[in-house]
Each structure stands twice: as structure tokens, then as C-alpha cells.
There are 2 protein chains.
Amino acid sequence: MFLDKEYLFTPGPTPIPNRVNVAMSKPMIGHRSAEFPVLLEDVATRLQPVFGSDNPVCILSASGTGALEAAAVNTIEPGDHVVVIVGGAFGDRFAKILEAHGANVHRLEVEWGTVCQPEQLEDFITSANYQVKAVFATYCETSTSVIHPINELGEVTKRVSDALFIVDGVSCIGGVPADMAGWNIDILVSGSQKALMLPPGLAFVAVSDHAKEVMKNNKAARFYFDLNRYFDAYEQKKSTPFTPAVSLIYGAQEVCQMIEEEGLDNVIKRHDLLKTMTREGIKALDIPLLTSDEIASPTVTAVKPENGKANEMKKMIKDKFNISLAGGQQKLSGEIFRIGHMGYCTPYDVLTVLTAVEMTVKAIDGKDVLGAATKRAQEVWSEHV
Amino acid sequence: MFLDKEYLFTPGPTPIPNRVNVAMSKPMIGHRSAEFPVLLEDVATRLQPVFGSDNPVCILSASGTGALEAAAVNTIEPGDHVVVIVGGAFGDRFAKILEAHGANVHRLEVEWGTVCQPEQLEDFITSANYQVKAVFATYCETSTSVIHPINELGEVTKRVSDALFIVDGVSCIGGVPADMAGWNIDILVSGSQKALMLPPGLAFVAVSDHAKEVMKNNKAARFYFDLNRYFDAYEQKKSTPFTPAVSLIYGAQEVCQMIEEEGLDNVIKRHDLLKTMTREGIKALDIPLLTSDEIASPTVTAVKPENGKANEMKKMIKDKFNISLAGGQQKLSGEIFRIGHMGYCTPYDVLTVLTAVEMTVKAIDGKDVLGAATKRAQEVWSEHV
């Protein structure tokens, strides 16, 4: 390319706003200073509406997987029976984390690219001949770009069992609605590098009062991810038990400011628009999508070109047109490419990525589709203005 | 203060060079991109001399405590007998991590402010009626500002036992020499926010081939801190198993560049000079130091004013003179204050902090000591030019 200007459209990490970079470059402060508790409380409470949480959000210095492990080891003891909804690579990861810690994992497998229906979960729980300690679900399954009906799955879980309902929201929180109490979520986990416009390195755990009680009595071995230590440090001195990633927390403060300026409702509407523009644009090129509209994620879209051209297209989009997309994972490897449209992403960005897809289709298939996807996406946008 | 210019002299977090902030503000990249493996390998190998490691250094997205836990859970199984040298808050933390994971912890307690002598360790191991799986030592015990004779402790460990020798180097690596093979260290851990001039959020684990073999066969429950996953990801594709803190790793690359430009030997000599200037300056004010010169850390100095004036002095130094120091921890709370002099720290910075100490002594005790500490520190400096 004639200019090394970066175009990052992976479903995490995502681009960082310059004002967030500036915030992260503030002079370092000690985490035992008088300043740090003010910063931590500010961010922990301003994140509450983003997570739909009644409690300040717990901030870990780790990647999202670390927070998933924290959710697991603070609620589950070896031998406990748990249900894990697995419809992609991240449901599978949740199951593997639980298996690594000795849980009896019962996988509720759904076809990749589809979601778990509430009735499926109800059948699975009610037909179980064991006591279900917790149900683990993935809000946005990044690997397939579906969004699970978390509110309905939470309703079922609480109606037919006493299980905890624990949700991986890593690749969507900040771009979708969340209501922990209303949706019966006990723990909602996310990471910094997806819709929250930060570099990777922070992870978030929002916890209900009920889950907090369970954690207090949990005997599983843990230290760095022992959330009781985080709650104690926060409640006693608005601090963290171990050295926190201060610069990233400064960045998170700026992200809260940006979300409040735009308005959380508008942030969520924007992601919905980005999704529809992306999907309608791809459809206008006659390229199949992996998922149906009803279950499509507002933060990432999986494209499934025919004849296994996913990797060829992804490679050309990168090599000739300088746009980074993601490929398929595990059983979808080579079958799809994925466009992330979350966080610091506007309708212009979607038009940009669609332009590159058009040029790639023309280069590979010889079809003159230039302008087709972007025009359709513009139409969608204009309907929402 | 008339200007909000920050003066951070805590023993971590430490100030961040502007060029490191700039590096951390580079455009974000995907961790599954072609660019990331180049970055990771560059940093992992350029850190090798800093850790004195024969292998590329493993980079975790966590604080130093996370890396200590990684060292523990990858080598120790519940019920294993371990010896932990405890002479301060961080030796104590290492012991608590191991206890949380079910190890049989044998604490070799030494008086806070002193170090464990090789003979003490030899007696402790040889009189044990159990098989010692590992000896855990703290290179710089931040809470007391001593530096342990790691080379001698490693020699003893290997001469009288088959135990692993595992070292917490969090608050000194980057400011002191290290030679894993020569000193018989199996695992050497550090964090980003001390002598390595980075914000908190990265932790480093350097591992010998022997320790790697032990880890492969270790059955303890772990996931995010399972180092086998990190070694596999690195060996197979120079990547990480989970999303890495990319911006901090860009920062680490710039830190490697800075260390190479100064020269690692010079970095180590500079820290030794900063230590001597600080100690001689404080002595010139007739204020006692907690530790003797022979065992004093090059990265942090504990000052023990008489009549329990530590907190009063620390508070005035902060409130009137805008310099952040650290207090005493646990049993040294209120007894000492600590001056960090590591990482992005020059002789001028030591003169600055000594100036504030002088002004504080004058304000509290009425003694006219202005210039006394700085003059002595300048003398030390001039002897080293």
C-alpha cells in the first residue's frame, strides 16, 4: 500500500481511539496512592450500566479468558455438575476451563452458526439426573457471530433449576444491551479489547449479590483470580489486591466518558446499524452469510463464500487492500471469514470494508460488483438517519 | 503545588518514558495477524539477557502475582513439600499462593530487613524429613529493600537436594544482574511495572529446560496460567494461547531498545549508583536505614526514621513536596518509608528526592540540613563518573 494506514476489522483486538491512547499516557500513579481509589471507583461504577449490573464491576488485569476462569473457579468446586452451551470455539473454551478444574461438564452442543433455544436448555436441565450447579452460556459466540437469547436462557435456568447463570459477554458487551437482574444473570464477563475500545489486558467481571455469596463459600483453589480478594479490597479501600494495569484503567475511564457522551442507547443502536449495513452489503454481493438475521451478532459478521474461497478472499483483502479480517476457527477453519464491527467503528468504516470486499470479488470472480454492497449499505444507513 | 508535575518514587509502579508511551500508542494489531509473531519473538528473545535466560521469556498478561502463581501451579501439585524463604511481604505472598494451591509449605523465616544466608538454607533442607520439591526465594524483597544472595542460595539448593529453585525477581529484574544457568535458577519471574519501565499489566516467566520438563508432567489444575499452553503457542507459531496485552508488548519492545542503547551492564551499574547515592544521602542526614549496605537492593531503599516518624515524613513529602513514596507493609507498617529508584530513574531523580527529604527534616525537626544529603550524593556520583 502507498500509505501504512491501518484498517483493523478483526473481532478483537479492535482500533483504539486516539483520546484513549492519550488517557493511557497520563503520568503513572502508584496503586496505593490516594489517587488510585478515586480512579478505580469511577470506572467500576460507570461501567455498571454497560454491564446492566447492580454492583460495581470488578476489574482484573488479564485477558477475557482469565475472567472466564475467574467466573469458573469462584463458583465451581471439583466434581460439581455444570451445563455448558457449546456452539462455537468460545463455548468450547468455557467447557475446557471447567474441565481443567475438575468440574463434571455436560455439554449442550448446538450446531455451529445456530443458537441454543430456550426449550433445548429446559429439556437438557430437566432431563438431567444430577444437580446442576451452574449454566454457562456465551452471549456473542465470536467464532460463529451469533448472539444467544440470553434473557430467555436466564429465565429458563432460574425457572427449572437453582443453578447459577454465568455468561461470557467478552465479544459484545459495550455494543449490546445487558440487564443482569432482569435477565437472571449471576455473572457477566467481558474483556477490554472488543466493543470497549481498549487494548487487550483488562477483563471485567460483574457479579450479582447471590453469586457473591456463593463465591464466599467456594473452596476451590485459587489466588490471582480469587474474586473475594477483589471484593474485599474494593469494599475496604476501593483498591485491588494485586497491582492493577493502571494505564489501561485510565483508558477505561476515557471509554466510559465516550460512551456517556454518545449515550449507551445510541452506542447499542449504532452497533445494530453496523450489523445491518454489513449483512445487507454482503447479501447484495450474493455471498452467503453463516447465520440468519434473527440471531446475528451486532459486533461481528461471519461470511461464508461458496467454493471455500474464504481464505483466498481474506488473504487478498489483507495483501492487496490492507484490511485485517479474521478467519474461521476450529471446525470453521477455511470455511468463513469474519468482519468485526464493534467499538470504535462507524458506518464509514463498514463502507470501507465493503469496498474492499467488492474489489476482491471483482478480482477473483471477474464480476463487476463495484458499488453494489456499499450502495445497499448506504440505503440501510439512510433509513436509520 | 504550583504545577502538577508528577514525581513517582514508589517501588512500582514506576514512571513511564515518553517513548514507551508513544510505542504503546501504535495502531492496534490483531494477535492472529502476521505482524504479532514478529513482535512477540522480538521481545521474548531480547528479554533473554535481562533475565539471563537460555530460553525466550514467556510473557503473560497479568500482574507479577499472576506470574508467581504460574510458577507455583506449573511445578507443584497438592501435597508437595516446598521451602519458601520468608523475610518480608512478598516471601509471605509466595507462601500464601502455594498454600492456596494445597502445597505443604515449610517457611524458612528470616528477620525482616535481613536475608537468608546460604548456610541457613542448607541446614533447613538437610534437616528436613520430607522430599523438597522446590525452594522459593525472593531476589529483591521489596517490602524490606534487601537483595538475596540468589547465586549462593541456588548453589546450595542444587548441592544438597533435587529441588527446583524458583525466584521472584519482580522488583529488581532489569536493574540487577541475572544468570539463570550459572546461578541454578529454574524459574525467574518478573513484572512490567518495576525496573522494566512499563505500566503494570505484563508479567514475565523465564524457564529452564529442566523446569519445562517438570511442567509438562505436572497435573495441577490450571488454565490461564498453564505455561505449557504458552510454550506450545510460542513454539508452534510464535504466538500466545490467549489474547495478549498487545500495547504493553509494543512498550516492552521499546524498553528492550532503551536497555540495549544504554547497555545492560550500564543499566545495572546505574542502579547500583542510584542505590549508593540514596543510601549515602540518607546517612548524611543521620537517618537510619533498615538494612545494611551489604544486602541493600539497587532498586529500592527502606528508610527507618527514629521515633516512628516514617508516616509523618512520607505524608509531608507527598503533601508539601509532591513526591510519592511507599510506606511499610505488614509488620513494618508505620516503621519505614521506601524510596524506589529503579527503571526510568537517573542520578538527578535521586537528588530530587533527597532534596525533599532534607526539606522535610528541616520542617519537622527544625534541623538545618538543606544540601547535606544532596552534597553527599553528588560526591558519590562524582566518584563514579
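The values are calculated or read from the model by the stated rules, or taken from the named source; none is laboratory data. Owing to the predicted nature of the structure, the values given are computational and were not obtained by experimental measurement. So basically every Cβ, Gly included, is an ideal-geometry build from the backbone, and we count neighbours across all protein chains shown.
When residue B:31 is tested against (1) in contact with a strand residue (DSSP E or B) (Cβ under 9 Å, 6 or more places away or on another chain); (2) within 14 Å of chain A (Cβ to nearest Cβ), exactly one condition is not met: (1). Screening the candidates B:100, B:128, B:72 for the property of being of a type in the set (A, V, I, L, M, F, W, C), more than 22 Å from residue B:194 (Cβ to Cβ) and within 11 Å of chain A (Cβ to nearest Cβ) yields one hit, B:100.
There is at least one residue in region A:215-224 that is more than 26 Å from residue A:177 (Cα to Cα), of a type in the set (Phe, Trp, Tyr) and either touching a helix residue (DSSP H, G or I) at 6+ places or on another chain (Cβ under 7 Å) or in contact (Cβ under 8 Å) with a residue 12 or more places away in the chain (or both). Among the listed residues A:101, A:81, A:31, identify the single one that is modelled with pLDDT under 95 and at negative phi. When all the criteria are applied, what remains is A:31. Within the set A:190, A:145, A:171, the sole residue that is in contact with a Gly (Cβ under 9 Å, 6 or more places away or on another chain) and on the phi > 0 side of the Ramachandran plot turns out to be A:145. Selection of region B:223-241 for residues being assigned to a loop (DSSP other than H, G, I, E, B) and surrounded by fewer than 23 Cβ atoms within 10 Å (Cβ to Cβ) yields B:226, B:238, B:239, B:241. Between A:283, A:315, the distinction of being assigned to a helix (DSSP H, G or I) and within 13 Å of chain B (Cβ to nearest Cβ) belongs to A:315 only. When residue A:327 is tested against the conditions (1) more than 18 Å from residue A:373 (Cβ to Cβ); (2) away from every other protein chain (no Cβ under 14 Å), the lone failure is (2). When region B:289-308 is limited to residues that are in contact (Cβ under 8 Å) with a residue 24 or more places away in the chain and surrounded by fewer than 19 Cβ atoms within 10 Å (Cβ to Cβ), the one that is nearest to the other protein chains (Cβ to nearest Cβ) turns out to be B:308.
The one condition from (1) surrounded by fewer than 20 Cβ atoms within 10 Å (Cβ to Cβ); (2) within 26 Å of residue A:365 (Cα to Cα); (3) in contact (Cβ under 8 Å) with a residue 40 or more places away in the chain that residue A:330 does not meet is (2). Between residues in region A:364-385 that are in the same structural domain as residue A:269 (by TED's automatic domain parsing) and residues that are loosely packed, with under 13 Cβ neighbours inside 10 Å, which pairs lie under 7 Å by C-beta distance while being six or more apart or on different chains? Listed by first residue and then by second, the contacts come to nothing, as the list is empty. The one condition from (1) in a helix (DSSP H, G or I); (2) closer than 30 Å to residue B:91 by Cα; (3) aliphatic (A, V, I, L, M) that residue B:302 does not meet is (1). Within region A:315-327, the residues that satisfy the criterion of being surrounded by 17 or more Cβ atoms within 10 Å (Cβ to Cβ) and touching a Lys or Arg at 6+ places or on another chain (Cβ under 9 Å) are A:324, A:325, A:326, A:327.
Residue B:373 falls short on exactly one of the conditions (1) surrounded by 14 or more Cβ atoms within 10 Å (Cβ to Cβ); (2) within 30 Å of residue B:150 (Cα to Cα), and that condition is (2). Within region B:258-283, restricting attention to residues that are touching a residue at least 12 places away in the same chain (Cβ under 8 Å) and of a type in the set (S, T, N, Q), the residue that is nearest to residue B:305 (Cα to Cα) is B:278. Counting the residues of region A:1-32 that are in the same structural domain as residue A:143 (by TED's automatic domain parsing), over 23 Å from residue B:243 (Cα atoms) and either touching a Ser or Thr at 6+ places or on another chain (Cβ under 6 Å) or of a type in the set (Asp, Glu) (or both) gives 2. Looking only at residues in region B:11-28 that are surrounded by 16 or more Cβ atoms within 10 Å (Cβ to Cβ) and assigned to a helix (DSSP H, G or I), the one that is nearest to the other protein chains (Cβ to nearest Cβ) is B:21. The residue that is farthest from residue B:271 (Cα to Cα), counting only those in region B:130-149 that are part of a loop (DSSP other than H, G, I, E, B) and of a type in the set (Gly, Ala, Ser), is B:143. Here residue A:8 fits the description: facing another protein chain (nearest Cβ under 9 Å), in contact with a strand residue (DSSP E or B) (Cβ under 9 Å, 6 or more places away or on another chain) and crowded, with 21+ Cβ neighbours inside 10 Å.
Residues in region B:220-252 that are more than 11 Å from chain A (Cβ to nearest Cβ) and on the phi < 0 side of the Ramachandran plot: B:227, B:228, B:230, B:231, B:232, B:233, B:234, B:235, B:236, B:237, B:239, B:252.
Restricted to region B:187-219, and to residues there that are among the polar types (S, T, N, Q) and more than 13 Å from chain A (Cβ to nearest Cβ), the residue that is nearest to residue B:40 (Cα to Cα) is B:208.
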